Amino acid sequence: MPIRLALLVAVLLLTPGVATAAPRAECDPRNTLPETCKAIWDGIGLPASNATSGKIAVCHDRYIVSHDNASKTPDWVLELLTARKLTNKYKRPATGFSPDLCVPKESTATAGDYAKNADKMAIGHMAPSEDFNNSIVNMRDTFVFSNAIPQAGSSFNGAIWRSLENEVRVAAKARKKLYVVTGPIRGDGITRKISIAKADNACGGAIELETFKTRSICKALNTKKANECDNGVAVPVGVYKIAYDPDHIAAFGFVMANRNHKKGLGRQYMQESRVNIGVIERLTGLRFFDALPEAERAALVNRCEQTTLWLPPKPKAKAKKKRKPA
């Protein structure tokens, strides 16, 4: 358990008559060292980027995030999901978001940045609380702004994206283990539409990413429309999710526009949102699966996995041994 979280738990358990709000702790520097939570990402490696300034990696107990201080949102959030830990023991807690202790105060989003924004964008989890439903402490640990982006609300974050998150948990139970990487697609920060052509997507689908005209949200803009966000929270054009099954060496990439979606969308729409991982690399400037041998990595990111995420391939039947003649 990262030191910061352990200290908070100790305060709650050992202090008699503790108030509902625990005293604010300080960031333990060890939680900004990815090696502290190597067990989470060691199997695939951390996503790599040429842009390293203004970034800070933060280890949490069950996930690691790379926070971009300029946009006040994560570049990526990486989890290791296992069937053993998806017990459904706890339900989503009624917890508000708070700043990540290891992110500089001037670089974090705040509740005021999201409150009453004109486009009704939600504080969208990247690593969802429900992924850690065997521990209420771990579920609450996802409610930090470094693990969130401005995401279209009830018709995306609470609809098809939520369904995709659920399908990832279904797959993790069936496949026993999944590495999951989630994050925003920002584009150039100005253009609010990105087109992915069929010819550029090994999964075969053309995808249009189009979002709100609003490029960033902030408390000042929410208070008065005439104000501008000089240092607001960047609104991404789209959102990506990668699920990797190490046992079957199968990677599944999904890209969806950060906009209001039709109601009632399901697995068919998720399939239409499939992309090979190389598409996500081009859209984000990130490089995934660096812990894998290069030839294997290259093949993995350039192909579209032919199976579906939620229906893993059946294990091969063991060949029956021939009986020796009597």
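Descriptive notes on the structure:
- When Leu86 is tested against the conditions (1) of a type in the set (A, V, I, L, M); (2) farther than 22 Å from Arg169 by Cα; (3) surrounded by fewer than 24 Cβ atoms within 10 Å (Cβ to Cβ), the lone failure is (2).
- One residue from Ala250, Ala202, Ala234 being within 28 Å of Ala39 (Cβ to Cβ) and of a type outside the set (Val, Ile, Thr): Ala250
- Residue in the range 99-118 that is out of contact with any Leu (no Cβ under 7 Å at 6 or more places or on another chain), at negative phi and assigned to a strand (DSSP E or B) present: no
- One residue from Ala172, Ala148 being in contact (Cβ under 8 Å) with a residue 40 or more places away in the chain and farther than 22 Å from Gly285 by Cβ: Ala172
- Identity of the residue in the range 202-229, of a type in the set (Gly, Ala, Ser) and not in a loop (DSSP other than H, G, I, E, B), that ends up nearest to Phe145 (Cα to Cα): Ser216
- Any hit, the range 62-72, residues being in contact (Cβ under 8 Å) with a residue 40 or more places away in the chain, of a type in the set (Gly, Ala, Ser) and more than 29 Å from Gly187 (Cβ to Cβ): no
- Condition met for Leu5 (loosely packed, with under 11 Cβ neighbours inside 10 Å and either at pLDDT 95 or above or outside any loop (DSSP other than H, G, I, E, B) (or both)): no
- Among residues of the range 202-246 being under 17 Å from Gly112 (Cα atoms) and charged (D, E, K, R), the one that is modelled with the lowest pLDDT is Lys225.
- Annotation note: Cβ proximity below 6 Å between a residue of the range 189-215 that is over 13 Å from Val237 (Cα atoms) and a residue that is β-branched (Val, Ile, Thr) (sequence gap 6+ or interchain) occurs for Asn201/Val275; Asn201/Val279; Cys203/Val275.
- Filtered by the rule that a residue be of a type in the set (Val, Ile, Thr), surrounded by 20 or more Cβ atoms within 10 Å (Cβ to Cβ) and out of contact with any Leu (no Cβ under 9 Å at 6 or more places or on another chain), the range 129-187 gives Thr142, Ile149.
- Residues of the range 249-264 classified as surrounded by fewer than 17 Cβ atoms within 10 Å (Cβ to Cβ) and closer than 26 Å to Glu296 by Cα, total: 1
The values are calculated or read from the model by the stated rules, or taken from the named source; none is laboratory data. From a predicted model like this one, the values you see are computed outputs, not experimental measurements. Note that each Cβ is placed from the backbone with ideal geometry, even for glycine, and that neighbours are counted across all protein chains shown.
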